[in-house]
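First the structure, in the form of structure tokens, and then the observations on it.
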Amino acid sequence: MIVGEQKPLTEIMEQLGEARKVLVAGCGTCVTVCFAGGEKEVGILASALRMKSKLDGRPIEVDEITVQRQCEWEYIDPLAEQLQGYDIVVSLACGIGVQAMNERFSEIITLPGINTTSLSLPVEQGIWEERCQACGDCILDLTLGICPIARCSKQLLNGPCGGSQRGECEVNPDVPCAWQLIWERAIKFGKMDQLLEMQPPKNWSSSRDGGPRKIVREDLRLAEEGK
């Protein structure tokens, strides 16, 4: 899931500038699950903005709305009329949702209310750990389901760096050594020989180096009119 953290109130207030009428827009999917931008967080932020602006001597009008997903047209298109009259929208969706709002409603600025941080797993209540960097060339079959790109601090492909101690990462002792975890999995399933095969440098062309990525599924596209 996409995980984010809400920006500090002071930073959001600075973004608003001279705006007098603001809409705080939440998203009902990923950021709701990680308690950063769902309906509850929208209400809290809206109240905080009202109180802070009043204390600063320039009260602003702040309204609230939450949609199922800000990253899909079908969920944000119904907002067209509701956005009329607002100076600014503060989105508590991930960066994708913020960009979708700005692309669909170019006549009004949508600002980010959270910092999008990672693709993470909720390992326990209140803790999310990064598990994927969306590199576009998944090698989990080679590393027995543990990603060295996201979980090894040095993104090594051919075993540990030699600096880890007692299964702890050299860079951060609070992080388990990914290659220690991979090797333990290999022992469990008798796949040690698989890890002894030298892996070539990673092909990063499927990652961000080539610009924004796009997937086209012709079998899912709607037929053009007249065809």
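The values are calculated or read from the model by the stated rules, or taken from the named source; none is laboratory data. Given the structure is predicted, the values throughout are model-derived calculations rather than measurements. Note: ideal-geometry Cβ built from the backbone for every residue, glycine included; neighbour counts use all protein chains shown.
Results, tabulated for the structure shown:
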| read-out | value |
| --- | --- |
| Test: Ile127 is under 23 Å from Gly4 (Cα atoms) and either outside the structural domain of Gly17 (by TED's automatic domain parsing) or acidic (Asp, Glu) (or both) | yes |
| Evaluation of Ile187 against (1) among the β-branched types (Val, Ile, Thr); (2) part of a helix (DSSP H, G or I); (3) modelled with pLDDT under 95 (one fails), failing number | (3) |
| Ile127 of a type in the set (Val, Ile, Thr) and closer than 11 Å to Val31 by Cα | no |
| Qualifying residue in region 194-202 (condition: outside any loop (DSSP other than H, G, I, E, B) and surrounded by fewer than 12 Cβ atoms within 10 Å (Cβ to Cβ)) | no |
| Residue check, Ile149 assigned to a helix (DSSP H, G or I) and surrounded by 13 or more Cβ atoms within 10 Å (Cβ to Cβ) | yes |
| Inter-residue pairs, beta-carbon under 6 Å, first among the basic types (Lys, Arg) and in region 142-155, second crowded, with 22+ Cβ neighbours inside 10 Å and not in a loop (DSSP other than H, G, I, E, B), 6+ apart | Arg151/Ala178 |
| Residue match in region 21-41 (condition: exposed (fewer than 15 other Cβ atoms within 10 Å of the Cβ) and either farther than 17 Å from Glu5 by Cα or not assigned by TED's automatic domain parsing to the domain that holds Ala93 (or both)) | yes |
| Pro173 being part of a loop (DSSP other than H, G, I, E, B) and surrounded by 15 or more Cβ atoms within 10 Å (Cβ to Cβ) | no |
| So Val3, is it in contact with a helix residue (DSSP H, G or I) (Cβ under 6 Å, 6 or more places away or on another chain), outside any helix (DSSP H, G or I) and surrounded by 19 or more Cβ atoms within 10 Å (Cβ to Cβ) | no |
| Candidates Ser120, Ser53, filtered to the one that is outside any loop (DSSP other than H, G, I, E, B), touching a Phe, Trp or Tyr at 6+ places or on another chain (Cβ under 6 Å) and of a type in the set (S, T, N, Q) | Ser120 |
| Residue count, region 46-63 (criterion: surrounded by 17 or more Cβ atoms within 10 Å (Cβ to Cβ), under 26 Å from the mean Cα position of the chain (by Cα) and not β-branched (Val, Ile, Thr)) | 2 |
| Tabulated pairs, region 79-92, first closer than 14 Å to Val62 by Cβ, second among the basic types (Lys, Arg) and not in a loop (DSSP other than H, G, I, E, B), C-beta under 6 angstrom, 6+ apart or interchain | Tyr86/Lys21; Asp87/Lys21 |
| Test for Lys52: is it in contact (Cβ under 8 Å) with a residue 24 or more places away in the chain and either closer than 17 Å to Gln6 by Cα or basic (Lys, Arg) (or both) | yes |
| Leu119 being aliphatic (A, V, I, L, M) and either closer than 30 Å to Ser91 by Cα or in contact with a strand residue (DSSP E or B) (Cβ under 8 Å, 6 or more places away or on another chain) (or both) | yes |
| Residue list for region 76-85, restricted to those being buried (at least 18 other Cβ atoms within 10 Å of the Cβ) and assigned to a loop (DSSP other than H, G, I, E, B) | Leu83 |
